[in-house]
Every structure is written in structure tokens, then in C-alpha cells.
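Everything below concerns the one structure shown next.
Read-outs throughout are calculated quantities, based only on the coordinates presented, and are distinct from any laboratory measurement. Keep in mind the model is a prediction, meaning the values are calculated, not measured. Every residue, glycine as well, gets a Cβ built from its backbone with ideal geometry; the counts of neighbours run over all protein chains shown.
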Amino acid sequence: MDRLFGFEGLGELLALGFVQNALIACAVLGVVAGALAPLIVSRGMAFAVHGTAELAFTGGAAALLIGVGVGLGAVAGAVVAGLVFGILGLRQRERDSVIGVVLAFGLGLGVLMLSLYSGRASNRFGLLTGSIVSVDSADLIVLAVVAVLVIAVLAVLYRPLLFASTDPDVAVARGVPVRALSLVFAVLVGLVTALAVPIVGAILVLSVMIAPGAAAARVTASPLVATVIAVAFAEIALVGGAILSLAPGLPVSGYVAALAFLLYVGCRVFARLRGRAAVA
Amino acid sequence: MVVTLERVPTVAPAVAMRGASVRFGERTLWDDLDLDVARGEFLAVLGPNGSGKTTLIRVLLGLLPLSRGEVRIGGAAPRRGSPTIGYVPQQKALDPDLPLRGRDLVGLGLDGHRLGVGLRGRRERRARVDAALASVGGTAYAHSPVGRLSGGEQQRLRVAQALVGDPDVLLCDEPLLSLDLAHQRTVTDLIDARRRDHDTAVLFVTHEINPVLPLVDRVLYLVDGRFRIGPPSEVMTSAVLSELYGTEVDVLRVRDRLVVVGADGRNGVHH
């Protein structure tokens with residue numbers, strides 16, 4: 001227990017430049033991940049996000065191997081994955097199998113490329129489980145630019161995206177370009193996933209992309225309130241998880257995933273108790 | 001002498017089609033369709049599966065161009081997202097955890113196709129959504145998650161969603177499917193009240209005419225590229241339907257219901 005929770009020297013750690021970079025990165029990621037999460041949940045895209053994250057891992061591994069920026073590789077992998085899932089599988093049933101097939105292939109390819117990579121071992125591990133020491137100032141700029149881009153696109157397309165995500169049949173009838181929007185949304189998800197992979201790791205991306213939205217959907221049906229709650233939860237999980245991980249010096253992803261899970265369970269319990277109270 | 005031409009009040013029909021045809025490759029769904037639907041008219045669109053009922057709706061929604069001929073809605077060519085058209089789909093199961101409330105569903109019918117997040121004009125929007133909800137008696141569950149409402153409640157919201165934009169034409173695509181009789185009655189009453197109060201034309205696609213029979217002004221019956229248009233008493237007869245289906249079909253009147261008995265299931269007579 002002592003190894004898991006410690007706050008010794010937290011003050012000094014928080015004063016370090018790379019720690020501050022990491023916290024800023026977490027805060028920025030929390031905004032965009034939380035903003036997308038309710039739409040991801042509405043579209044039933046949890047598995048697609050997981051698949052996108054694994055392909056971000058493949059892209060990152062490939063970048064590592066050929067010696068370009070890991071972040072760039074992750075973005076390329078995730079965006080390609082988003083587009084492939086968007087184009088190949090628009091029907092839910094078909095989409096799941098397409099994702100399963102592509103995910104397995106990408107993961108295998110990534111493992112192979114990591115084995116061929118002869119550089120620092122922590123670079124390899126970092127892609128899978130995340131690491132906050134990996135964030136430097138250049139990454140922060142990329143993160144901020146992508147975050148602004150994602151928020152800007154959301155601000156312009158929010159209403160039709162909400163329509164297409166929650167009520168696709170009538171949205172089509174009302175002239176909303178549902179197909180095109182699902183591709184745009186897949187690219188947004190790919191971008192944010194790629195940003196999340198270096199921090200929380202490819203295998204735990206769901207804890208910031210899905211859990212906050214799923215938790216919010218348990219306690220409110222209002223799209224606006226759900227978005228606000230999801231952003232708050234993503235911030236708590238990411239920034240809180242990062243701070244908790246500092247003193248013990250353990251991977252940030254474990255703490256982020258645990259916090260996100262607790263928030264989700266808390267929301268389920270809350271919803272159940274409230275439901276009982278409403279009946280009584 | 002001054003000759004004055006008396007102005008005849010020419011109100012454009014709500015929907016007008018001339019020589020309209022839709023073809024998919026070799027297959028002709030319907031050919032040379034002439035149809036005028038007046039304001040306030042209730043037109044039932046009947047026919048077996050695959051006869052092009054939903055295709056007609058898609059043409060009017062501006063989602064599908066005609067292969068030949070012309071179509072006008074309120075005097076203008078159909079276009080996607082037109083505010084003059086309301087659309088009521090069939091009831092479909094929704095995810096109980098979908099983060100969407102009743103009033104959000106209705107609101108999307110008003111401006112869900114527009115860009116932006118919708119910060120401007122929120123007060124007016126709220127008033128219109130409230131009015132639409134009240135008009136279908138849906139105020140009580142305006143804040144409930146749509147996925148947790150009953151099929152009947154969902155269809156009421158669907159009607160409100162279609163009416164919130166104050167349409168001149170209401171396109172209904174099997175809105176009664178999977179509803180029990182009481183809820184069918186509620187939905188048809190709401191639609192009928194709308195057309196009487198606002199002169200809204202109604203095109204009502206259905207495979208079952210009885211729930212709407214008292215409201216129907218005319219029937220468009222489509223079978224295999226052939227069609228007949230007219231009041232129910234002229235179209236829903238053994239002679240006309242036998243001719244349309246190309247086989248022996250009997251139309252029986254049992255009290256105030258019509259029962260259509262086909263020679264066999266092969267021809268897809270659906271009643």
C-alpha cells in the first residue's frame with residue numbers, strides 16, 4: 001500500500017518542468033477526450049476506439065523503428081484506423097468484425113516492429129502503458145494545436161453530429177450527411193486517441209475516451225450536461241491520476257484507469273440509488 | 001372598357017408529381033406517376049414490400065432524384081433538410097442509456113441539421129420545443145431518456161419532432177408499426193389534428209389501412225410498378241386490387257374494417 005500511495009516530495013516533483021508539462025498535457029487531453037466521450041458512447045464506438053488505439057500503437061512502433069517521431073506515427077496510425085473503420089464498417093455488426101480483424105493485424109505488426117527496434121526499452125513499453133515523462137514542450141504544442149482543431153470542428157459540427165449519433169434515421173431524412181459525418185468523427189477520435197496513447201498507453205485509452213462518457217450517461221440524459229460531466233471526469237482521472245503516480249513513481253496509466261473506473265462505478269451506484277428513491 | 005381578369009386563387013398543391021418515374025438499373029419501381037396532394041389532404045400510400053412506398057418518401061425528402069418526370073413540394077423542387085417537410089419514422093428500439101432526452105429529440109427535428117452548437121435563439125427554440133411537446137401531450141416525459149420511454153411515448157415524441165418545424169407536408173413512414181391499438185389511435189389522432197388545424201398535407205405510408213381508414217381522403221396503391229389513386233371506396237375494391245396484383249384478390253368489409261384476402265402469399269398481398 002505504501003508503494004502505491006505516497007506524497008513524499010510531491011511539492012518538489014510538481015516544481016519540475018517535465019512534470020508540469022505532463023500535467024498540462026493531461027489537462028488538455030481531458031478536455032478533448034471528455035468532449036468526445038458522450039458522442040462516442042451514443043454511437044456505440046467503444047470497440048472502434050480500442051481498435052483505433054491499437055493502430056496508434058502500430059503507427060508509433062513503426063515510427064520508432066524508422067526513426068521518426070513516435071507521436072507522428074501514432075497520429076498517422078490512429079487516423080488511418082479511424083478512416084478504415086469508418087469506410088468499411090458502417091453497419092454495427094459488420095463494423096465489429098472489421099475492427100477485430102484490423103486490430104489483431106495491427107497489434108501483431110506493432111509487436112513485430114517493436115521486437116526489431118533496438119533502442120531504449122522504455123520507449124517500447126511506453127507506447128503500451130503510457131508514460132508522462134515522455135511529454136516534452138514540442139509534444140505540448142502538437143497537443144494544443146490538435147486540441148484546438150478538434151474543439152473547433154466540434155463547435156461547427158456539434159448539432160449535426162449529435163443528430164447523426166443519436167438519431168441517424170431521421171437525421172438522414174432531414175438531409176444530414178450522416179456518412180460523411182461518421183468519417184469526420186472517426187478522424188476526430190483518431191486524433192484524440194493518438195494524443196492519449198503516449199500518456200495513458202494504447203491498451204488503456206478506453207479509460208479516458210469511454211469511461212467518462214459512459215459514467216456521465218448513467219447520471220444524465222442531457223447531452224450538454226453529459227458533456228460537462230464527462231470533461232470533469234476525464235480531468236479528474238487524468239490530472240488526478242498523474243499527480244497520484246508522481247511520488248510512487250509508478251505508471252500513470254494504472255492510476256488514471258483506476259480513477260476512471262471508480263467514477264464509473266460511483267455513477268452506476270448513484271443512478272441505482274436515485275432510481276430506487278424515485279420509485280419509493 | 002377595362003377588362004379585369006378575375007384572379008383565381010391558385011394555391012399550389014402541397015405535393016405535385018408529373019410523369020414521375022424511379023428506376024434502379026433494369027427495375028422500374030413506378031412509372032409515369034401523376035399525383036397532386038392538396039393542403040390538408042390525407043393520402044394513404046399502400047402496397048406490398050418493395051413496391052416503392054419508402055422510395056416515394058425518399059424522393060419527397062430530396063434524398064433520391066427521379067429517373068424521369070417532375071416533383072414539386074409547395075411549388076419548389078424537393079431539397080434536403082427542407083423546413084416545409086416533417087418526417088415521422090417507424091418506431092425503433094433505442095438504447096436505454098442513450099444520452100438524449102425527449103426534448104432533445106424534438107429539438108433536433110427543429111435545427112439538428114444546422115451547423116454550430118445552437119447558442120443563438122435559445123429562448124425561441126425552447127418555446128417552440130415546449131409547444132411541440134405540449135401539442136402531443138409529451139410534456140411529462142420531456143426530460144426522460146428517450147431510450148427508456150415506451151414505444152407509444154417515443155412515437156408521440158416523433159410526431160412532435162416532425163411538427164416542431166411547422167411543416168406544410170407530413171411524411172409518415174409506417175409510424176404505427178409495432179404499436180398496440182391504443183397507441184396507434186393516439187398517433188393517428190395527433191396527425192389528424194395537425195392536418196385539420198394547420199391544413200398540413202399528410203402522406204402516410206402503411207401496410208395496414210384500417211387504423212387510418214376513417215381519416216383517409218385518397219389512397220395511392222402501388223404494386224409492382226402499377227398504381228391506382230383515388231378515394232378508398234374506389235381503390236379498395238376486389239376489382240381494382242385484383243387488376244393491380246394481377247391475381248384474384250377479395251376485399252371484404254367487416255363492420256368498419258377492410259380485409260384484403262389475396263389468392264396466395266406469393267403476390268405479397270399484405271393485409
Practice problem: May I ask you to derive the relative contact order of the stretch B:32-86, considering only C-alpha pairs under 8 Å and at least 6 residues apart, and to give it as an integer percent? | Solution: 25
Exercise. Can you check what the net charge comes to around B:THR200, using other residues whose Cβ is under 15 Å from the Cβ of B:THR200 (Lys, Arg +1; Asp, Glu -1)?
Key: -4
Quiz item: Taking Cα centroids, how far is the stretch B:7-73 from the stretch A:150-216 in Å?
Solution: 36
Quiz item: Where does the charge balance sit around A:VAL28 when Lys and Arg score +1, Asp and Glu -1, over other residues with C-beta under 11 Å from its C-beta?
Solution: -2
Quiz item: For the residue pair A:ALA271 and B:ASP189, what label-to-label distance in nm results when each label sits 7 Å from Cα along the Cα-to-beta-carbon direction?
Solution: 3.4
Quiz item: How big is the Kirkwood radius of the protein assembly as shown, worked out from every pair of different alpha carbons and given in Å to one decimal?
Solution: 26.3
Quiz item: Normalized C-alpha radius of gyration of chain B, against 2.2 N^0.38 Å?
Solution: 1.08
Self-check item: Hydrodynamic radius (Kirkwood) for the stretch A:10-271, which is based on Cα pairs only, to one decimal in Å
Solution: 18.3
Quiz item: In percent, how large is the relative contact order of the stretch A:10-271, given Cα pairs closer than 8 Å and 6 or more residues apart?
Solution: 33
